[in-house]
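Below is one structure, written out as structure tokens; comments come after it.
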Amino acid sequence: MTTVKERFEAAKSIYEGIGVDVDKALETLAETKISMHCWQGDDVKGFLNPDGELSGGILSTGNYPGAAHTAEELRQDADKAFSLIPGKHKFNLHAIYLDTDEAVDLNEIEPKHFEKWVAWAKERGLGLDFNPTFFSHPMYQDNYTLAHPDKKVRDFWIEHGKRSRKIAEYFGQALGQPAYNNFWVPDSSKDNPIDRLAPRKRLMTAYDEIFTEEISEDYVIDTMESKVFGIGGEAYTVGSHEFYMGYGLTRNKTILMDAGHYHPTEVISNKISSLALFSDKLMLHVSRPVRWDSDHVIIMDDELQEIMKEIVRGGLLARTAIGLDFFDATINRVAAWVVGVRNAQKALLKALLEPTEALKQLELAFDFTSRLVLTEEYKDLPFGAIWDYFCDSQGVPVGLAWFDEVKKYEAEVLSKRS
């Protein structure tokens with residue numbers, strides 16, 4: 001029976017035969033951080049009001065046992081997931097995931113309410129990203145937050161946005177790497193509005209106030225996320241793609257593209273190259289929109305692989321932040337994290353193992369026959385042996401061995417939660 005190392009050496013020889021530097025590919029993969037989202041671990045409830053109902057186009061379905069109910073439980077589950085994922089990564093927090101005994105609202109949060117998260121991340125060599133939470137709150141009124149016609153409502157959310165930036169700055173300073181701080185608001189209308197312009201003017205003005213303070217991108221990179229529509233906001237979304245594209249490019253903010261936030265016939269893999277021409281950075285939320293923005297756990301499907309190919313083929317990896325966004329309460333939540341991050345890494349590895357420059361030369365020569373034949377044949381190359389070696393060299397389980405760990409964790413920890 002061949003060993004992981006022996007299978008790797010045989011596969012490496014094949015890839016090197018077509019001009020691929022396997023060692024460089026593995027080095028790049030090891031250096032690439034995936035931002036693992038906290039909200040898969042507890043079904044997007046958070047700890048500000050854990051018994052509250054989701055709102056704002058947010059819905060997690062299922063009742064699989066073992067969801068985290070406290071910040072400590074969530075960190076415990078994340079620790080287990082990270083122990084089964086190769087490399088060092090980031091953990092992406094929403095504002096509602098504060099960890100404090102103090103009664104505090106979203107317009108009052110401060111860095112001190114996240115000190116336990118920073119201590120945890122620092123001890124493990126992780127980075128932290130952040131998201132203001134513009135949903136699941138009494139001040140989310142009439143389907144509006146920053147674009148609400150009532151100044152009192154807008155001011156509440158503006159203050160929340162400002163404070164979120166300071167928390168993200170704290171993350172970046174404490175952990176020595178920038179925190180991506182993502183703004184997404186659910187402001188929308190269920191039926192056709194008369195005035196589409198005024199809410200967008202209010203949203204623009206609110207954002208301008210939130211971003212009044214200059215914060216170094218050494219610590220915080222503000223990102224802006226658009227959406228086509230949401231549950232209860234099917235007819236009109238204030239923060240449309242055009243709005244955020246214009247706002248981000250004119251205000252020097254990084255645009256975030258979520259794989260589930262476009263029409264069903266659209267894919268973000270086809271948009272990355274265009275955005276890269278006009279923005280020096282971009283961020284992705286990689287999800288799986290089975291029925292539009294259904295946020296399923298990502299699998300090794302065509303679009304995931306095309307996203308990673310596009311990043312690698314364009315030389316955009318250093319400019320692209322990769323985050324995940326899915327929440328499925330019908331399955332083991334730790335397993336969902338591990339499947340998602342490992343699949344993102346696998347897809348990236350496959351892209352890194354492609355002889356891209358040789359294929360580009362065929363394309364420039366209009367040799368489309370060779371391009372087609374070779375790209376199809378390369379799909380059968382033994383990338384799995386390279387992946388197994390990467391996992392082994394990073395000290396995490398190879399193959400299905402990681403799932404045995406999850407099942408043991410479920411029996412010993414998750415099954416005992418109420």
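The values are calculated or read from the model by the stated rules, or taken from the named source; none is laboratory data. This one's a predicted model, so the numbers in the text were calculated from it and none came from an experiment. Positions of Cβ are generated from backbone atoms using ideal geometry, with glycine treated the same way; all protein chains shown enter the neighbour counts.
Observations
- Any hit, region 309-318, residues being surrounded by 15 or more Cβ atoms within 10 Å (Cβ to Cβ), in contact with a Gly (Cβ under 7 Å, 6 or more places away or on another chain) and of a type outside the set (S, T, N, Q): no
- The number of residues in region 290-326 that are part of a loop (DSSP other than H, G, I, E, B) and at pLDDT 95 or above comes to 10.
- Residues that are among the charged types (D, E, K, R), more than 23 Å from A335 (Cα to Cα) and at pLDDT below 95 do not occur anywhere in region 116-123.
- Against the numbered list (1) within 17 Å of V334 (Cβ to Cβ); (2) part of a helix (DSSP H, G or I); (3) touching a residue at least 40 places away in the same chain (Cβ under 8 Å), R154 comes up short only at (1).
- Residue satisfying all of: in region 363-398; touching a helix residue (DSSP H, G or I) at 6+ places or on another chain (Cβ under 6 Å) and hydroxyl-bearing (S, T, Y); nearest to T3 (Cα to Cα) among these: Y389
- Qualifying residues in region 298-327 (those that are out of contact with any Ser or Thr (no Cβ under 6 Å at 6 or more places or on another chain) and touching a residue at least 60 places away in the same chain (Cβ under 8 Å)) - the one farthest from S274 (Cα to Cα): L324
- Considering residues of region 174-221 that are out of contact with any helix residue (DSSP H, G or I) (no Cβ under 9 Å at 6 or more places or on another chain) and part of a helix (DSSP H, G or I) only, the residue surrounded by the fewest Cβ atoms within 10 Å (Cβ to Cβ): L197
- Qualifying residue in region 263-271 (condition: in contact with a helix residue (DSSP H, G or I) (Cβ under 8 Å, 6 or more places away or on another chain), touching a residue at least 12 places away in the same chain (Cβ under 8 Å), outside any helix (DSSP H, G or I) and under 17 Å from D328 (Cβ atoms)): no
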